[in-house]
Every structure is written in structure tokens, then in C-alpha cells.
């Protein structure tokens, strides 16, 4: 039995139990509401982060595409310059070191571009941008040589990656007789 403050028997013992139960239910609903609110905020933040990440990925892809395009354009211009200069008889009469300096621009001299080689119609090396390229004397077995030799409409050709000591490299090829394009 419940006893009141003055020692009276309380007839409302059920009321106190009901009030306690209501108070516990109210506390539970408040906690659940707070959890739902936190979940909604977290879900909203996740969507915002996902959208920002997608935007950053697009920006990175665009910057990479532009960088690759710019590098290919620089290399294409360097190849065209070498091909045009090789058609001048004066350059062919120069000593090899001076001819190398005249033919190969500094734009394509970066280590990330790799060597530029000039081949004759039979695939034999005429001159290379660096002395390390001279060890490869014949290129008739290479896909970039076949692409230029077999197709009269071939422009700048970029090969699949080729294994080189310590790194991978891609060959690019431009046939001098096709410069008017």
C-alpha cells in the first residue's frame, strides 16, 4: 500500500505509476526524435559530401584530360617541327651533335616525353633526340611503324604502353610526307 506524506493511505497509487510510465514514454519518444533528427542530418551531410566528391572527380578528370591533350599537342608540334626540318638539305649536312640540337626542340626534351627518333622508309634509325635511342637501330617490328607504313591516311599515332627499363612508355609516330594535313 502506498502511504502519503502524512501517513495517509493513498488512493492514487495508480496515478503515480501512470505518470511515471508516461514520463518514461515521453523521454523515449524525445530520445527517438533526437536520433531521427541526427540521422536526417547525417543523411543530408552524406548527400552533400557525395555531390562535392562527384564534382571534384569531374574537375580532376577534366584537368587530366586537358593536361593530356596539351601534352599530345606539344609532342605533335615537336614531331611536325622535326619532320619539317628533316626536309631541309642543309640540316642533313650538319655534324650529328649540331643536327640533334637543331632538330629536337626543348619542348619535347622533358624526361616524361621520351626520345624522338627519325626513321627512313625501311624503318632504320636516321637520328634520335638522345644517344640512348641510338641502340635501337631498326623499328620495322613496331606497331607504330606498321601503322604509318600501311595506312596512307594515318596521322599522329600513339602506341599502346611499351615496357622500358624502370617505367612504361608510349610511342608516337608521324610520317613526314603527311605534314600537309
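The values are calculated or read from the model by the stated rules, or taken from the named source; none is laboratory data. The model shown is predicted, which means the values in this text are computed figures rather than measured ones. Note that each Cβ is placed from the backbone with ideal geometry, even for glycine, and that neighbours are counted across all protein chains shown.
Note on segment 67-87: residues that are in a helix (DSSP H, G or I) and in contact (Cβ under 8 Å) with a residue 60 or more places away in the chain total 8. Considering 40, 63, 36, the condition of being in a helix (DSSP H, G or I), at pLDDT 90 or above and within 30 Å of the chain's Cα centre (by Cα) is satisfied by 63 alone.
Pick from 134, 109: which is surrounded by 13 or more Cβ atoms within 10 Å (Cβ to Cβ), over 15 Å from residue 171 (Cβ atoms), modelled with pLDDT under 80 and in contact with a strand residue (DSSP E or B) (Cβ under 8 Å, 6 or more places away or on another chain)?
Matching residue, one of 134, 109: 134.
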